[in-house]
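**Q** Below you will find the structure I want to go over with you.
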Amino acid sequence: MSTMSTRSAWRALHYSAKRRAFQPTTPYRCFSCANRTQEQKPGNDRMTHFGFTNVPESEKETRVGAVFSSVAASYDRMNDLMSLGIHRLWKDHFVRSLNPGSCLPAMTADQRGWNILDIAGGTGDIAFRMLDHATNVNHDMETRVTISDINADMLAEGRKRSLDTPYYNTSRLDFVEANAEHMPHIPDASVDLYTVVFGIRNFTDKQAALNEAYRVLKPGGVFACMEFSKVDNPVLDGIYKRWNFSAIPLIGQVVAGDRDSYQYLVESIERFPSQEEFRGMIQKAGFMIPGQGFENLTGGIAAIHKGIKPIVKA
Amino acid sequence: MSYLARTLPKRVPNPFLAQSIRQTRALSTKTLQSTPTTRTTQHKPRTNQRHRTYHSALHARLPDHSYTNSQTAILTSALAHVPTHGFSATALTLGARDAGFLDVSVQLLPRGEFDLILFWLASRRGLLRGKVEEGGLFRRIAAEKGKDVHELSVEERVRGLLLERLRMNMEVKDVWQDALAQMSLLANIPLSLTELHALASDILTLSGDDAVDATWYTRRLAVSAIYASAEVVMTRDPTPDLVETAAFVERRFEDRKALADKITGIGQCAGFGWNTAIGLGRSWGLKI
């Protein structure tokens, strides 16, 4: 027994020793050429926040990717535990308020059904609800959803779940792996409804994603976003913060075996702009804001933001 | 003191500062005396249209509704579909299509169908004001009664405007009950009441009512109550020119007058009783 453990410990040490890259204490400098000046200095990269820590912009994407790859399998169970099941009510309300699908016969052939783009919707939570609503409430069999996510693991989870829905392997449901800040495969003015639910918080450059949304939407198309936001009631806010920073990492550790990912989650919620600031960002991208521009859910824990791409009269 | 000197009218000769100040004082007291600000006589409504009433002349009138251009475009086209589809999401979607928007663009109206109802109410209110300011409405009402426009009393004007507003509902009469039901939903009640008050206030202002005492409230309350109940009667009125509704409104105005008379009578009676009691007590030697 003891020899076994000694041997495995030795192997681990030996392995890591073998794989360790040679790192000179001073960077490489050849006196006869200018290689060193061409080297990229890490300090020059623009910084962005990853939870409460600052990381270079180039690094955030991979870090967020690691978080979501890690949580993909237990995503739904964790959401239920963290939000006490309320996230289902929010998502249902979100879809119902958007009322996807046309109950009226279309006037022209290219208007048949809505073209919905669900960004960061890897597990299909919103997409299946939209298709269900369009089919069962509005009797619209044409509306289609493209699920786009940057993370292949989340998409795989969504594909797995789509097996249980009637939309599996039909033209109404599509999965695309893409970065929402740059989607060259989606033509200009081709989307009726662009949704991003609990996703935009993790984007490296939110304004770029909003500008891209503005580009792909048809004139009159709608940008709809549900995201964690700022609680306005100080008493509720106190309870909510305590829950976020004490309970959620603990639940993450116990249920998903991953404390750090859920620590990042609550920190990213804390860093997300307030309702008014985010509304300003939507306006900056060129959208019209209906009414107040946002709807608070459960006292502002989450908020639904909407923007409409204006029609330019010729 | 220096402030007074600085704001002296130019035409006052100003050889010596002290004298000019004395003159200014005299001027200001004279002005104060010539226009008493408190009213001692009973309130008599003024019927002069040009007269600016209690609200500030320095502020422009608020717009009838606060919808943006795109919202107004959708709502205006949607109103064309209301007689057939009612105040419904279908009418809104069809309106959005007519205005060149997509089906999804009805998201521009966060309150959905209720926005359509509010827009209807606000735009009709604006039309009513337009009709009055154009001048033809009161002439027509006066002609119906065989009077001159200036002879119309405030009450007659109020009644005329109220009926005119009810007649504007003619084309949506069959779907108006649905709208009333929508307006009475708990979440919609505050805005519905605000709109009703705005209508009552507009009707009274346009009729030349300039009461600034407690009757400001009771008048608006009375007009609101009569209008709201007449709307319900209107939805079940089969006559083509709303004759039954007009008769109903007539009766409610009579009721209002009777009620006002009774309240005045009760007040007078109580006053007499109180005075008699005091006089009786004093005659018995009570120190009151």
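All of the numbers you see were taken from the coordinates with simple rules; none came from a lab. Bear in mind that the values here come from a model prediction, so they are computed numbers and not experimental data. Here the Cβ is made from the backbone with ideal geometry for all residues, glycine too, and neighbour counts use every protein chain on show.
**Q** For the stretch A:254-282 and the stretch B:155-234, what is the separation of their Cα centres, given in Å?
**A** Cα centroid of the stretch A:254-282 versus Cα centroid of the stretch B:155-234: 49 Å apart.
**Q** Would you mind pulling out the separation of the Cα centroids of the stretch B:267-284 and the stretch A:56-72, in Å?
**A** First find each Cα centre; the distance between them is then 88 Å.
**Q** Moving to a separate point now. Using only the Cα atoms of the stretch A:150-280, build the gyration tensor, take square roots of its eigenvalues as a ≥ b ≥ c, and label the shape rounded, prolate or oblate: rounded if a/c is under 1.5, else prolate if a/b is larger than b/c, else oblate.
**A** Here the stretch A:150-280 falls in the oblate category.
**Q** Okay, moving on. Put a dot 7 Å past each Cα toward the Cβ at A:Asp164 and A:Gln253; how far apart are the dots in nm?
**A** 3.1 nm
**Q** Using a Förster radius of 56 Å, what is the FRET efficiency between A:Phe245 and B:Ala260 based on their Cβ-Cβ separation? Nearest 0.05, please.
**A** Using R0 = 56 Å, I get an efficiency of 0.30.
**Q** If you stretched the chain out fully between A:Arg271 and A:Ser69, how much longer would it get, using 0.36 nm times the residue separation minus the C-alpha to C-alpha distance?
**A** Additional length available on full extension: 70.6 nm.
**Q** Which entries of B:Lys145/B:Lys173; A:Lys284/A:Lys306; A:Lys91/A:Lys306 show an alpha-carbon separation above 21 angstrom in the structure shown?
**A** B:Lys145/B:Lys173
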